[in-house]
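Notes for the one structure printed next.
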Number of protein chains: 2
Amino acid sequence: MQTAGPLDAAFAALADPTRRAILARLADGEATVLELAQPFAISQPAISKHLKVLERAGLISRGREAQRRPCRLEPAPLAAANTWLENYRRFWEESFERLDLLLDEMKAQQKRPKKGKRR
Amino acid sequence: MQTAGPLDAAFAALADPTRRAILARLADGEATVLELAQPFAISQPAISKHLKVLERAGLISRGREAQRRPCRLEPAPLAAANTWLENYRRFWEESFERLDLLLDEMKAQQKRPKKGKRR
């Protein structure tokens with residue numbers, strides 16, 4: 001039942017808001033480390049560290065040009081994580097349905113005249 | 001752009017094969033720590049530690065019965081993680097399409113007579 005490796009690395013890499021924001025930025029197109037560091041109040045070495053985690057997880061790749069080495073989004077690990085999560089869709093859909101039913105019930109009760117409640 | 005908290009905890013909790021296997025077991029129904037520990041070659045305290053991580057991430061809840069305290073799956077954080085990943089669906093679908101095109105091209109080339117290749 002235990003699957004090792006790629007999914008562990010993908011989920012671990014996604015467990016950080018800066019790394020998720022980097023991926024969101026790369027969804028708009030390739031970017032260099034400098035461009036990626038700009039919107040964050042953290043140093044370039046700190047960004048480079050995050051990029052290494054993303055790269056090891058296969059979530060980004062980096063160009064070969066010596067100076068720029070632009071980063072790009074690699075979606076395969078996101079697809080793998082999504083596939084794993086999809087196994088549980090029926091659970092959250094059921095709980096949304098229960099929530100909907102509860103809300104409908106509450107609305108119906110609010111529509112009833114107040115004195116009806118006391119009977 | 002940075003979203004904190006719940007998603008971090010959910011993704012971090014999912015970054016471990018034993019914890020994912022525990023959730024898979026709970027998808028079949030509630031289970032006690034003892035029942036959860038059974039299929040794994042690890043100690044009950046180790047399982048309890050994993051359960052604490054899952055509970056803090058909101059991925060499981062535990063019953064109130066003093067002795068048994070059965071665990072149950074709580075799908076909301078899985079839904080949240082899925083929602084985040086869905087933003088990237090177009091990327092992996094595009095790359096699957098590119099893969100399909102490449103495979104079609106390869107098949108078409110295989111069908112052509114060999115001497116055609118040399119022209």
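The values are calculated or read from the model by the stated rules, or taken from the named source; none is laboratory data. Because the structure is a prediction, the values reported are computed rather than measured. Note that each Cβ is placed from the backbone with ideal geometry, even for glycine, and that neighbours are counted across all protein chains shown. Protein only, heavy atoms only, side chains kept; ligands, DNA and RNA dropped before computing areas. Shrake-Rupley method; radii C 1.70, N 1.55, O 1.52, S 1.80 Å.
Rounded to the nearest 20 Debye, what is the dipole magnitude of the range B:1-111 about its Cα centre when Lys and Arg each give +1 and Asp and Glu each give -1 at the C-beta?
Values: 16 positive and 15 negative charges, 109 e Å.
Computed about the Cα centre, the dipole is about 520 debye.
Could you pull out the trypsin sites (Lys or Arg not before Pro) across the range B:1-89 that fall in loop regions by DSSP (anything but H, G, I, E, B) with no more than 10 other Cβ atoms inside 10 Å?
Qualifying residues, ordered by number: B:ARG64.
Distance in whole Å from the A-onto-B rotation axis to the closest C-beta of chain A, together with the residue it belongs to, please.
Residue with the nearest Cβ, plus whole-Å distance, for chain A: A:PHE11, 3.
Taking the range B:52-87, which GluC sites (Glu not before Pro) meet the DSSP loop condition and have no more than 14 other C-beta atoms within 10 Å? Walk me through the numbers before you get to the answer.
Details: sites: B:GLU55, B:GLU65, B:GLU86; in loops: B:GLU65.
Passing sites in the range B:52-87 are B:GLU65.
Given the alpha-carbon gyration tensor of the protein assembly as shown, what are the semi-axes of its equivalent ellipsoid in whole angstrom, ordered largest first, with each equal to the square root of 5 times an eigenvalue? Mind showing how you got there, number by number?
On the way: eigenvalues 330, 112, 110 Å².
They are 41, 24, 23 Å, listed largest first.
When only C-alpha pairs under 8 Å and at least 6 residues apart count, what is the relative contact order of chain A, in percent?
Working: 85 pairs, mean separation 29.7, N = 119.
Relative contact order, chain A: 25 percent.
B:GLU93 versus A:LYS111, label points 7 Å from Cα toward the beta carbon: distance in nm?
3.6
Taking only Cα atoms, what is the 0 to 90° angle, nearest 10, from helix B:17-26's long axis to the longest principal axis of chain B?
Roughly 70 degrees between the two axes.
How large is the accessible surface of B:GLU30 in square angstrom, using a 1.4 angstrom probe and rounding to the nearest 10?
Solvent-accessible area, nearest 10 Å²: 100 Å².
Once you put a point 7 Å from the Cα of A:ASP100 and another 7 Å from the Cα of A:GLU35, both along the Cβ direction, what distance in nm separates them?
Label-label distance for A:ASP100 and A:GLU35, simple model: 4.2 nm.
In peptide B:88-99, what is the residue-averaged number of other protein chain Cβ atoms found within 10 Å of each Cβ?
On the way: counts 11, 4, 2, 9, 10, 2, 1, 5, 3, 0, 0, 0.
Rounded to a whole number, the mean comes out at 4.
Largest first, how would A:PHE91, B:PHE11, A:PHE96 line up by accessible area (1.4 Å probe)? Intermediate results must be reported in sequence, preceding the final value.
On the way: A:PHE91 35, B:PHE11 0, A:PHE96 105 Å².
Ranked list, largest accessible area first: A:PHE96, A:PHE91, B:PHE11.
Using label points projected 7 Å from each Cα along Cα→Cβ, tell me how many nm separate B:ALA46 and A:ILE42, to one decimal.
3.1
What net charge is computed for the residues neighbouring B:LEU23, neighbours being all others with C-beta under 15 Å from the C-beta of B:LEU23, Lys and Arg scored +1, Asp and Glu -1? The partial results should precede the final answer.
On the way: positive: A:ARG89, A:ARG90, B:ARG19, B:ARG20, B:ARG25, B:LYS52, B:ARG56, B:ARG62, B:ARG72; negative: A:ASP8, A:GLU86, B:ASP16, B:ASP28, B:GLU30, B:GLU35, B:GLU55, B:GLU74.
With Lys, Arg at +1 and Asp, Glu at -1, the net is +1.
So what's the angle, to the nearest 10 degrees on a 0 to 90 scale, between helix A:44-56 and the longest Cα principal axis of chain A?
It is inclined by approximately 80 degrees.
On a 0 to 90° scale, report how tilted helix B:89-111 is relative to the longest principal axis of chain B, with both axes built from alpha carbons and the result rounded to the nearest 10.
40
Mind checking how much accessible area A and B bury in total, 1.4 Å probe, in Å² rounded to 100? Numbers along the way, then the final one.
On the way: alone 9310 and 9310 Å², together 15490 Å².
Buried: approximately 3100 Å² between B and A.
To the nearest 20 debye, what is the magnitude of the charge dipole of the range B:21-64 about its Cα centre, counting +1 on the Cβ of each Lys and Arg and -1 on the Cβ of each Asp and Glu? Intermediate results must be reported in sequence, preceding the final value.
Details: 6 positive and 4 negative charges, 47 e Å.
Using Cβ point charges on Lys, Arg, Asp and Glu, the range B:21-64 gives about 220 debye.
Which three extents, in angstrom, do the Cα atoms of chain B have along their principal axes, listed largest first?
Here the spans come out as 79, 39, 21 Å, largest first.
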